[in-house]
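Have a look at the structure below, then the notes.
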Amino acid sequence: MNSVLGIDTSNYTTSIAFYDGNEGENCSKLLPVKQGELGLRQSDAVFAHIKSLPELSGRLFSHIQAEKITAVGVSTRPRAVKGSYMPCFMVGYSHAKLLSDMLNVPLIEVSHQQGHVAASLWSAGHMELLSQPHLAWHLSGGTTELLLVEPDGKNVSCTKIGGTSDISAGQLIDRTGQLLNLPFPSGKHLDVLSQEAGGKELFKVKCADMTFSLSGVQNKVQQYHAQKGIPAETAAYALRCVANAVFQATQQALARYPGLPVVFSGGVASNSMLRQFLEPLKPIFAQPQYSTDNAMGVAVLTYRSMEV
């Protein structure tokens, strides 16, 4: 059975995956971030990827047959739009180019965002939506975008129709984690902590035309924590504010694009409170391990690009 490789080197995770048209495996490693810091400089992220990729490739190639690889795919930029660029993706490209040359197979380039969409659909069991228009949220450390996703040959086209006008949901969550002295990235830790809370308070963000601002929420979270001083309640308060904003924008999108399925991708989409908040809208969620940055979606799109 023929297989393909996918590589993704985001600003948070190094990952390499294989996919055979049905089954797949993703090997990944979080980039090291010091306690109390919010992310990495690009130069440090590049160095971390250079260190991690050979290890992850070795782990994957220890049990897959190189001669069955028919293509290598890689994410080369954050989004498939003009001017989208981040140096850390060049590490993945260099590794992928070397592998494709060595194996004498095609090199397929996609965007990080397109990979997220494909990974969510694959893990949720809705691969048919790669060939149909649908709505998708990309909720991550650096991105909070509501997308209209449409088929584009063997790939997908992602058009931003809403989301945040300033800081991302992931940035708010990580800054809340820093406030509570939690490790970075803080999403999973905030999620666990919030489950100990009993409060229901939230700051209702104004949402117009599927767009909202989260910068004011950060101040509200800081004020709330200064008043309450209970980490679990602060964690839940921040997550409720995010979930409510996303809920409002999704409702508005469904009114404008009635009948389209709504898919959630990105690390923030693995949050349990967000999933509960949005349940009335019957969304499609990726499995949590494929919500965060991974190379599986890159591999899925690479395999599709090789289909006759």
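Report, by chain and number, residues whose modeled amide H sits under 5 Å from the one on residue 137, excluding near sequence neighbours (fewer than 5 apart, same chain).
The answer is 147, 263, 264, 265.
With the crude spin-label approximation of a point 7 Å out along Cα→Cβ, what separation in nm comes out for residue 275 versus residue 160?
Calculated label separation equals 2.8 nm.
How do 14-20, 171-177 rank on mean C-beta neighbours within 10 Å, highest first?
14-20, 171-177
At 1.4 Å probe size, put 123, 165 in order of accessible surface, largest to smallest.
So the residues, ranked largest to smallest area, are 165, 123.
Between residue 306 and residue 152, what length in nm is gained on full extension when 0.36 nm per residue of separation is reduced by their alpha carbon distance? List each step's numbers first, then the result.
Values: separation 154, 0.36 × 154 = 55.44 nm, distance 1.44 nm.
Between residue 306 and residue 152, full extension yields an extra 54.0 nm.
Within 15 Å, Cβ to Cβ, of residue 87, how many net charges do the neighbouring residues add up to if Lys/Arg are +1 and Asp/Glu are -1?
0
Here are labelled values, (i) 165; (ii) 125; (iii) 149, and one is the computed volume of the Cα convex hull per residue in Å³ for what I pasted. Which one?
(ii)
Search the structure for amide H atoms under 5 Å from the amide H of residue 293, placed 1.01 Å from N in the peptide plane, and list their residues when 5 or more places away or on another chain.
Close amide H contacts, sequence-distant or interchain: 267.
Can you give me the % of accessible surface on the chain that is carbon or sulfur? Probe 1.4 Å, all protein chains present, nothing else counted.
On the way: 6920 of 13330 Å².
On the chain, the fraction of accessible area on carbon and sulfur atoms equals 52 percent.
Along the charge dipole of the chain, which of 107, 298, 173 sits closest to the positive end, that is, farthest toward it, with unit charges on the beta carbon of Lys, Arg, Asp and Glu (+1, +1, -1, -1)?
173
Sorted by accessible area with a 1.4 angstrom probe, largest first, how do 30, 121 fall?
Numbers: 30 105, 121 0 Å².
Largest to smallest exposure gives the sequence 30, 121.
Might you work out the accessible area of residue 204 for me, using a 1.4 Å probe with all protein chains in place, and round it to the nearest 10 Å²?
140
Ordered by residue, what ³J(HN,Hα) values in Hz, to whole numbers, does region 120-131 give under the Karplus form 6.51 cos²θ - 1.76 cosθ + 1.60, where θ = phi - 60° and Gly and Pro are x?
Running phi through 6.51 cos²θ - 1.76 cosθ + 1.60 with θ = phi - 60° gives 5, 5, 5, 6, 8, x, 10, 4, 5, 6, 5, 10 Hz.
Taking amide H atoms as placed 1.01 Å from N in the peptide plane, list the residues 5 or more away in sequence, or in a different chain, whose amide H sits under 5 Å from that of residue 211.
Those lying under 5 Å, H to H, from residue 211 are 163.
Leaving out ligands and nucleic acids, and using a 1.4 Å probe, what accessible area per residue does region 117-243 come to in Å²?
Normalised by residue count, the accessible surface of region 117-243 is 41 Å².
The values are calculated or read from the model by the stated rules, or taken from the named source; none is laboratory data. Source: prediction; values computed, not measured. Here Cβ is always computed from backbone atoms with ideal geometry, including for glycine, and neighbour counts include all displayed protein chains. These area figures cover heavy atoms from the full protein model, side chains too; ligands, DNA and RNA do not enter into them. Shrake-Rupley method; radii C 1.70, N 1.55, O 1.52, S 1.80 Å.
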